[in-house]
Amino acid sequence: PCSLCGASFAQRVGDRQRPAMSSQGSTRYSRLPRAAESAARCVSVRSRPARAWPLGAVSLRAPGAALEGGDLADDDDAEVGTELTQGSEDEDDDEDERRVAEEREQLVRKGAPKPAVFTRRVPFMTLLVVGALLLLLPARQMLKSAVSKRVDFGIIPHHVWRCGLNEDGVDYFTRNKPYTSLPAVGTAADCMLHCFHDGRCAAWTWGKSGSPGDVAGICYMKELEQAEWPLAKVNSGMVSGSLPCDMQSMQTGGSLFCFALMLPRSYEQTLLGLQFDSKLSLFGCDQYAIYSNEAIEVRPALITGIVDSDLKCSFGGEFGTALNLEIFLAVWKKVSADGVFKNHAWTVKVDPDSVFFPAKLRSMLPHHMPDQPKGVYLNNCRYGMHGPLEVFSKNAVLNWVAGYQSCLDHFNKVCSGSCNWGEDMFID
């Protein structure tokens with residue numbers, strides 16, 4: 001035990017010097033002994049009860065007292081120590097205690113660094129987290145009270161957006177401003193019908209007669225982005241709502257003819273075979289067709305129609321896309337010659353690797369009926385129509401097939417030759 005205590009003390013202090021009092025009372029520096037003195041005092045000190053200094057106090061102990069009140073020797077060590085501390089060693093112990101006390105006072109007066117002591121301190125981050133939680137509790141209660149009283153900027157809490165809404169005293173706010181406003185609309189029901197017949201409209205707000213400002217009788221048409229719900233706010237002068245839930249039964253969308261162009265012996269052929277087996281994508285339409293530059297049996301009941309093209313094109317133009325106008329002009333000639341599209345209200349051109357849900361399209365088509373004399377096509381992107389999915393009404397296909405040559409002549413003149421456009425940009 002003595003060797004362990006002396007080693008522990010020597011490891012902590014090493015060759016560090018400490019002040020000692022000379023016979024004249026001045027401070028002198030001497031090196032701490034590492035062997036004999038440390039070992040002898042170790043046994044002497046370990047035989048006495050340990051005393052702990054108050055928290056934060058300087059704790060200087062005689063050599064060998066490594067820890068505060070928790071590192072006493074076992075019973076056998078205590079008995080050995082008791083025998084060795086008889087007689088003259090008691091006087092040495094008293095002298096040691098006096099010298100240690102004097103050295104401690106000297107160190108404190110000189111501002112020497114205090115030896116490390118074991119204290120129970122609460123971590124700073126724990127105090128910080130607890131303080132933040134205490135500060136947030138009142139704020140949470142205030143916010144909860146404001147929402148329950150609908151005073152937080154007039155926002156209606158827990159508002160559920162769904163079809164068939166017609167809410168009096170409510171105004172809808174969306175990420176984008178209303179894209180159009182119709183004046184002199186007589187009732188909220190008329191405003192809802194205007195929204196229903198506009199393909200962009202997903203929510204509407206109508207100003208009641210006698211409303212403050214110049215909003216009386218105005219129907220505001222609002223478009224929603226993907227996964228957006230309108231924010232409902234209290235406004236006694238407004239009526240807001242959504243589209244009716246039974247819109248498909250109010251007006252049918254019409255039948256679908258869908259077709260795709262396939263590169264032979266490519267991944268497109270495999271995809272189309274899998275879609276055919278599961279009745280997905282274009283095979284969920286009322287009638288469908290697949291075209292290629294040769295007759296290919298994708299499935300026993302699915303054989304491609306032949307178009308007059310090698311299906312090869314370059315990439316370039318303003319956007320570095322496939323310059324496939326000539327290829328799809330040949331495809332549209334084949335579609336027109338087959339004439340199947342004339343039996344359906346809508347014609348849909350689908351790329352084999354595009355994700356297409358015919359049922360989703362059917363739910364949107366009632367917005368765009370009836371067909372216009374010059375036809376209707378659906379723009380699938382705010383930056384212009386993109387080719388993976390193109391939707392045309394019957395009259396649009398008739399006008400496109402009949403008039404694309406005049407369009408070619410016009411743009412060849414404007415661009416002094418080919419404009420280097422793809423089929424989708426040319427049609428758009």
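Output the relative contact order of segment 328-406, whole-number percent, from Cα pairs under 8 angstrom with separation of 6+ residues.
38 percent.
Classify segment 196-239 as rounded, prolate or oblate from the Cα gyration tensor: take a ≥ b ≥ c as the square roots of its eigenvalues, call it rounded if a/c is under 1.5, otherwise prolate when a/b beats b/c and oblate if not.
oblate
Going by a ≥ b ≥ c, the root eigenvalues of the Cα gyration tensor, does segment 298-361 fall in the rounded group (a/c under 1.5), the prolate group (a/b larger than b/c) or the oblate group?
prolate
Could you check the simple spin-label distance between residue 126 and residue 236, using points 7 Å along Cα→Cβ, in nm with one decimal?
Here the modelled spin labels are 5.6 nm apart.
Keeping the other protein chains in place, figure out the carbon and sulfur percent of the accessible area of segment 159-214, with a 1.4 Å probe.
The nonpolar share, carbon plus sulfur, comes to 53 percent.
Taking only protein heavy atoms and a 1.4 Å probe, what accessible area per residue, in Å², does segment 315-402 have with all protein chains in place?
On a per-residue basis, segment 315-402 sits at 51 Å².
List, in order, the whole-Hz ³J(HN,Hα) value for each residue of segment 342-357 obtained from phi through the Karplus relation with A = 6.51, B = -1.76, C = 1.60 and θ = phi - 60°; use x for Gly and Pro.
Values, residue by residue: 5, 8, 9, 6, 9, 10, 10, 9, 10, 6, x, 9, 8, 8, 9, 10 Hz.
Before anything else, pin down the relative contact order of segment 266-373: Cα pairs under 8 Å, at least 6 apart, normalised by residue count, whole percent.
Relative contact order for segment 266-373 comes out at 24 percent.
For segment 344-386, what % of the accessible area comes from carbon and sulfur atoms, probe 1.4 Å?
That fraction is 61 percent.
Test of understanding: what is the full-extension gain from residue 159 to residue 197, defined as 0.36 nm times their sequence separation minus their Cα-Cα distance?
11.1 nm
Assuming R0 = 45 Å, can you tell me the calculated FRET efficiency for the pair residue 340 and residue 173, based on Cβ-Cβ distance, to the nearest 0.05?
With a Förster radius of 45 Å, E is 0.45.
Top to bottom by accessible area (1.4 Å), largest first, where do 333, 233, 349 land?
Ranked from most to least accessible, the order is 333, 233, 349.
Report the relative contact order of segment 188-307, percent, no decimals, based on alpha-carbon pairs under 8 angstrom and at least 6 residues apart.
18
Determine the dipole magnitude for segment 327-387: charges of +1 sit on the beta-carbon of Lys and Arg, -1 on that of Asp and Glu, nothing else is charged, the reference point is the Cα centre, and the result goes in debye to the nearest 20.
Roughly 120 debye, rounded to the nearest 20.
Could you state the number of Å between the C-alpha centres of segment 333-369 and segment 236-302?
7
The values are calculated or read from the model by the stated rules, or taken from the named source; none is laboratory data. Predicted model, so just to flag it, every value in this text is computed and none were measured. No Cβ is skipped: glycine too gets one built from the backbone with ideal geometry, and neighbour counts run over all protein chains shown. Accessible surface is based on the protein model in full, side chains and every heavy atom, while ligands, DNA and RNA are left aside. Shrake-Rupley method; radii C 1.70, N 1.55, O 1.52, S 1.80 Å.
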